[in-house]
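The values are calculated or read from the model by the stated rules, or taken from the named source; none is laboratory data. What you see is a predicted model, and the numbers here were worked out from it, not measured in a lab. Note that each Cβ is placed from the backbone with ideal geometry, even for glycine, and that neighbours are counted across all protein chains shown. What goes into the accessible areas is simple: the full protein's heavy atoms, side chains included, and nothing from ligands, DNA or RNA. Shrake-Rupley method; radii C 1.70, N 1.55, O 1.52, S 1.80 Å.
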Amino acid sequence: MLNNQLVLEINNVKKYYNSFLALNNISFRIKSGELVVLLGPNGAGKSTLFSIITGLVRADSGSCFINGCNIADNSIGALENLGVVFQQSTIDLELTVKENLLFHSRLYGIEINSVEKVIEEELTKSGLVKKVSKKVRTLSGGERRKVELIRSLLHKPKMLLMDEPTVGLDPASRISLLKKIQNLKNKGTLSILWTTHLVDEAEKADKIIILNKGKIIAIGSSSEILGLAKENNLAKAFLKLVKEK
Ligand code: ADP
Ligand code: MG
């Protein structure tokens with residue numbers, strides 16, 4: 001069930017790299033339980049927007065609120081509600097799966113006894129429980145991504161961000177990760193924003209935001225985007241909209 005609570009609010013965000021305008025007046029909102037895909041070609045500005053939402057980079061103007069907390073002046077309040085899987089893997093290859101997950105739990109001040117059970121349950125659901133004591137270096141790309149996803153949710157955030165999580169995965173791992181994301185959405189209140197340049201990954205989203213050259217060129221459900229582009233296939237609609245703007 002969706003409720004109307006806003007979990008992410010981006011207002012008129014602009015970001016320059018020297019004189020290059022990487023994000024041009026970006027505004028959108030995500031409600032509790034919404035699954036939103038930020039779809040855009042390489043260089044559109046997706047990772048730049050993630051850096052702003054996570055507080056790694058400051059916007060030159062505009063604002064970004066996570067669960068009502070402004071990332072620019074209350075980053076602790078904002079980040080405690082955010083789970084993040086970055087485009088580049090940030091997991092320690094020389095630690096075991098469990099060591100990585102426990103270290104992250106300690107950083108967030110999570111009670112270790114209770115989290116050990118959650119870790120085991122989540123690894124079991126992902127078919128990874130046998131790998132719990134293996135160094136991450138021995139895992140496949142898809143398995144590492146799943147561990148990163150489990151890690152991002154240990155502190156029970158309201159919002160999950162994933163930046164191109166399927167890049168570099170083989171087709172079976174990609175499908176498995178997409179299923180996992182869909183299951184998370186079906187559980188109810190977690191809001192998810194994930195970026196991709198692959199149109200087929202956007203089809204099941206509640207809302208698609210198309211970003212091109214730093215600008216939002218369309219926002220809507222899959223059928224709304226088809227209507228806007230006057231096309232009957234999302235891939236064609238995407239190409240048409242990106243070409244037109
Ligand atoms: P995406 O994630 O959609 O591929 P990025 O946000 O990585 O796009 O990049 C958007 C644009 O900003 C690109 O043209 C890229 O070259 C440029 N860019 C990204 N980071 C920097 C940086 N640190 N300095 C200068 N230009 C950058
Ligand atoms: Mg990127």
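Computed values, structure above
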| quantity | calculated |
| --- | --- |
| Selected residue (criterion: nearest to residue 45 (Cα to Cα)) from residues of the stretch 76-92 that are open to solvent by 50 Å² or more (accessible area, probe 1.4 Å) and away from ligand 2 (no atom under 16 Å from the Cβ) | 79 |
| Qualifying positions in the stretch 149-163 - open to solvent by 50 Å² or more (accessible area, probe 1.4 Å) and in a helix (DSSP H, G or I) | none |
| Answer from 209, 219, 150 - the residue that is under 29 Å from residue 14 (Cα atoms) and either more than 16 Å from ligand 1 (Cβ to nearest atom) or at pLDDT below 95 (or both) | 219 |
| Pair list, Cβ under 6 Å, 6 or more apart: the stretch 210-224 residue without any contact (Cβ under 8 Å) to a residue 40 or more places away in the chain and open to solvent by less than 80 Å² (accessible area, probe 1.4 Å), other residue among the β-branched types (Val, Ile, Thr) and part of a strand (DSSP E or B) | 217/210; 218/210 |
| All positions within the stretch 48-58 that are among the small types (Gly, Ala, Ser) and either within 13 Å of ligand 2 (Cβ to nearest atom) or open to solvent by less than 30 Å² (accessible area, probe 1.4 Å) (or both) | 51 |
| Hits in the stretch 218-235 - residues which are of a type in the set (S, T, N, Q) and under 21 Å from the mean Cα position of the chain (by Cα) | 221, 222 |
| Near pairs, Cβ below 9 angstrom, 6+ apart or cross-chain, from the stretch 131-148 (surrounded by 20 or more Cβ atoms within 10 Å (Cβ to Cβ)) to any residue that is aromatic (Phe, Trp, Tyr) | 148/86 |
| Yes/no for residue 233 being at pLDDT below 95, loosely packed, with under 14 Cβ neighbours inside 10 Å and more than 29 Å from residue 114 (Cβ to Cβ) | yes |
| Matching residues, the stretch 184-209, being within 11 Å of residue 46 (Cα to Cα) and either part of a loop (DSSP other than H, G, I, E, B) or free of Cβ contacts under 8 Å to residues at least 60 places away in the same chain (or both) | 197 |
| Residues (within 16 Å of ligand 2 (Cβ to nearest atom), open to solvent by 20 Å² or more (accessible area, probe 1.4 Å) and not hydrophobic (A, V, I, L, M, F, W, C)) located in the stretch 183-198 | 197 |
| Residue that is nearest to ligand 1 (Cβ to nearest atom) [pool: residues in the stretch 12-47 that are open to solvent by 40 Å² or more (accessible area, probe 1.4 Å) and in contact with a Leu (Cβ under 8 Å, 6 or more places away or on another chain)] | 14 |
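Quick grid of which residues meet (1) in a loop (DSSP other than H, G, I, E, B); (2) in contact (Cβ under 8 Å) with a residue 40 or more places away in the chain:
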| residue | (1), (2) |
| --- | --- |
| 24 | no, yes |
| 47 | no, yes |
| 56 | yes, no |
| 78 | no, no |
| 89 | yes, yes |
| 100 | no, yes |
| 103 | no, no |
| 109 | yes, no |
